[in-house]
Amino acid sequence: MDNPALPEVRRNDARPTGNPQHQGEPVALLLRHQSATEPVAEYQRFETLELIPLVNARLYEILVSGGGFDDICRHVLAAPGKRVRARLVLASAGLLVTTASEPSRAALDLACAMEMLHESSLMHDDICDGSLLRRGATSVPAAFGVRIAARAGFHMAGAAVQLIAQVLAADPSVFARLGEVPGVTYSDGLSDLSFGQLIEMLPPAVDATALRRHYRLVAGAKTGTLFRLSCSYGGTAGGADHDRLRALMTYADELALAFQIMDDVRDIEGGPELGKDAGGDLERRVPTWPVIEWLELRPGAREMWLSADTSSATLQTDLIDSGATKAARAVALDATQKASAALNIFPASPARDDLHELLQEVITR
């Protein structure tokens, strides 16, 4: 049965096509995948951020293929987000590229695969959270129904794994030592995404130390997994050695912590660019990092948090007034500084500049 908390909100331009009895059947991807070492001429003219239109175009080519999920894919691609994971892949692949070199086609398809995995996880997150909005538009489960959204999420994840496999098979020499470096995450860590979703729903007792440990675990699994994958596959495609790959894992972990904390701060403070209703985590009593800071700063906060009589609006106001969101921002800033230091192992380059710029964007968003 579909989640009754998620009423169906169909858009006139977002109706599933094809035979409904066949919604969810696997659709073969006809990817015109070329050699992973074949240069893409467009790369030579742009810096990392300017490559995102190429990612969007390639995603459309991969996902809108005449299958049963085309309308859902169009709906998702119409609100693309900031493509953080694609930027991580492209920048990581370009860290050791000289001005005389051209990055490989593998980087573009790996960037697409990471974004597909991300979009898949968002569909399932919106089902679990009962979210009606995503990036200012109707969420996939609200627009198409929970059952179809769940199947579409699995389909997109499967298509992403297929794409990664094709990239690796196209040039096995580039990826010959995949998985050899301890502490570097590859596709064997994908299950951490579902692990993170599960443990997020099982928070510990209201104790600051336990909550901080739990929060880091969830952020490292839900957000950090795809950040690490993006950096590891991108770095491998770009020829990074073992030490540099480990440095990229540090960067990814610290970026993930800062990214998640700032996402939680924005959920409390709101704003026109939030793309969803503010205070959703407070309504569900999710112990985010600003809440943990608040529990330590505010006398009587624990009782307010546990009381069913305390509205999310009251919590929202009290969190901001107490300075908890400001304290959370300081923790996020510290994480970005650690991430920035991890990049010192790489020579100066436009790609390294973009990874630094991404840290700045996260902390100021």
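The values are calculated or read from the model by the stated rules, or taken from the named source; none is laboratory data. All values derive from a computational prediction rather than experimental measurement. As a convention, Cβ positions derive from the backbone with ideal geometry for all residues, glycine included, and neighbour counts pool all protein chains shown. Quick note on the areas: whole protein, heavy atoms, side chains included, nothing else; ligands and nucleic acids left out. Shrake-Rupley method; radii C 1.70, N 1.55, O 1.52, S 1.80 Å.
Give region 326-365 a look and list any residue that's among the hydroxyl-bearing types (Ser, Thr, Tyr) and surrounded by 21 or more Cβ atoms within 10 Å (Cβ to Cβ), or say none.
Correct list: Thr336 only.
Show the residue pairs that are 6+ apart or on different chains and have beta-carbon atoms under 6 Å apart, the first residue being within region 316-331 and farther than 11 Å from Met262 by Cα, the second being at pLDDT below 95 and open to solvent by 20 Å² or more (accessible area, probe 1.4 Å).
Ser322/Leu297; Ser322/Arg298; Ala324/Leu297
Restricting attention to region 204-213, does a residue exist that is closer than 30 Å to Ala351 by Cα and surrounded by 19 or more Cβ atoms within 10 Å (Cβ to Cβ)?
No, region 204-213 has no match at all.
Leu282 versus (1) in contact (Cβ under 8 Å) with a residue 24 or more places away in the chain; (2) of a type in the set (A, V, I, L, M, F, W, C); (3) surrounded by fewer than 21 Cβ atoms within 10 Å (Cβ to Cβ): which is the lone unmet condition?
The one condition Leu282 does not meet is (3).
In region 186-203, what count of residues is obtained for those that are part of a loop (DSSP other than H, G, I, E, B) and open to solvent by 20 Å² or more (accessible area, probe 1.4 Å)?
Qualifying residue count for the region: 5.
List pairs: first residue in region 148-165 and free of Cβ contacts under 8 Å to residues at least 24 places away in the same chain, second residue crowded, with 24+ Cβ neighbours inside 10 Å anywhere in the structure, Cβ distance under 8 angstrom, at least six positions apart or on different chains.
none
Sort through Asp171, Asp126 and tell me the only one that's in contact with a strand residue (DSSP E or B) (Cβ under 9 Å, 6 or more places away or on another chain), under 27 Å from Trp305 (Cβ atoms) and not β-branched (Val, Ile, Thr).
Answer to the selection: Asp126.
For Ser120, are the conditions met, namely being polar (S, T, N, Q), part of a helix (DSSP H, G or I), open to solvent by less than 30 Å² (accessible area, probe 1.4 Å) and closer than 22 Å to Thr250 by Cβ?
Against the criterion (polar (S, T, N, Q), part of a helix (DSSP H, G or I), open to solvent by less than 30 Å² (accessible area, probe 1.4 Å) and closer than 22 Å to Thr250 by Cβ), Ser120 does not qualify.
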